[in-house]
1. Compare Ala244, Ala256, Ala31 in a GNM of the chain, Cα atoms joined below 10 Å, and give the one with the largest fluctuation.
2. With everything on Cα atoms, drop me the angle between helix 126-145 and the longest principal axis of the chain, reported from 0 to 90° to the nearest 10.
3. Assuming a ≥ b ≥ c are the square roots of the Cα gyration tensor eigenvalues, decide whether the range 136-227 counts as rounded (a/c under 1.5), prolate (otherwise, with a/b larger than b/c) or oblate.
4. Among Leu177, Ala279, Asn154, which residue has its Cα furthest toward the positive end of the charge dipole of the chain, with +1 on Lys/Arg Cβ and -1 on Asp/Glu Cβ?
5. Once Lys and Arg get +1 and Asp and Glu get -1 on their Cβ, which of Thr93, Cys25, Leu51 lies farthest toward the positive end of the dipole of the range 6-152?
6. Quick check: Cα centre of the range 292-306 to Cα centre of the range 51-113, how many Å?
7. Springs between alpha-carbon pairs under 10 angstrom, Gaussian network model over the chain: which of Val109, Val305, Val173 fluctuates most?
8. Over the chain, with every protein chain in place, what whole percent of the accessible area is carbon and sulfur at 1.4 Å, could you tell me?
Amino acid sequence: MKKSRADIRKKVFSNSRIIVLILMCIYLTAATNGKFFTYSNFVSIMYSISLTGIMICGATFPVLLGGIDRTVSGNAAVCGAMAATVALYFNQTDIGAILALLCGTACGVLSGFFHGIVLSRFAIPAFLLTLATNEVLYGIVQFITGNQLINVLNCELMNQIGQSRFLGIPIPVYILLISFVGCYILLTHTVYGRQIYAVGGNRQAAELSGIPARRVIIIAYTISGFMGALSGFLLSCMNRQASAAQAQGYENDVLAAIVVGGISLRGGEGTLQGALLGAILIGVMTNGLRLLGIDSIYHNLIKGVIIIIAIAWDMLSAASKSGTTKNPLAGLFTRKKLREG
């Protein structure tokens, strides 16, 4: 039995990112004379995306609801500054590092809980609320740090978390994998995961079927806040310091990976593994640009173009699945012909 054209298009859309990743790896291996295709370079790529990957694990939940969390970087900055401050207060002991982690992640949880409460009860665009809150969070970071670097060079536990390796792989990569597995199980093997997709697809219909949409939203943003804060603690461990500008711009990388990974900004569609694949794609691209000697000033430009292409691809994919239109430009050309007639 022959497959329909719609089935073929659907299969192409679902596997396109893997195909692009494979082709990119082949090209970079050839262009760099094999420098790209090495074990140490792959470990370096995973280490470079470990922080954004952890943020993505949390930020995916709001996006699946049709929202967005722009405070992932602000939560990371607050947690990093709080962690460094607490660690210094306790003379950079191991107990101080543990308390630093608890205090920092608590700030992220409170931030996410606040967003969930507000967004579940009021018709406020998530983008605007979280964008404004992100500015507030960076103001708090400036107050905590006094616009000065806070060094934690002598905190042994934090240094081990950020710098040490197990079986040749950095500890932050293991934390990324644990975070991914935990969030993946929550999304795919629990009732809450099904509720996320139901509320993201159609909140009113989900509420009519008995799903507590408000609770689902609150939990989603709380998870996002926690993951953002956890990545901020790791960032302080990796840099062995905290600053007022810490983690700035990470929210753009997170959004880029989520969109490139195929999660629909309309909500209710996409997978966590797709979002992580998006992060790997961007990580491979950034690593390849560096190996090719391309100036870093062009990296953001290229990322922006990729986001635009990914959004257009998302719209084309949605049109292909719905079957409502074969060509997004068809209406434009039709109207043009009518005007000419």
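The values are calculated or read from the model by the stated rules, or taken from the named source; none is laboratory data. As the structure is a computational prediction, the values presented were derived from the model and not from experiment. So basically every Cβ, Gly included, is an ideal-geometry build from the backbone, and we count neighbours across all protein chains shown. Heads up: the accessible areas ignore ligands, DNA and RNA and are worked out on the full protein's heavy atoms, side chains in. Shrake-Rupley method; radii C 1.70, N 1.55, O 1.52, S 1.80 Å.
1. Taking springs between Cα atoms under 10 Å, the residue moving most is Ala31.
2. 20 degrees
3. On the way: a/c = 5.02, a/b = 1.68, b/c = 2.99.
Taking the square roots of the gyration eigenvalues as a ≥ b ≥ c, the range 136-227 is oblate.
4. Going by the Cα projections, it comes out as Ala279.
5. Cys25
6. 28 Å
7. Comparing Val109, Val305, Val173 in the GNM, the peak value goes to Val305.
8. That fraction is 66 percent.
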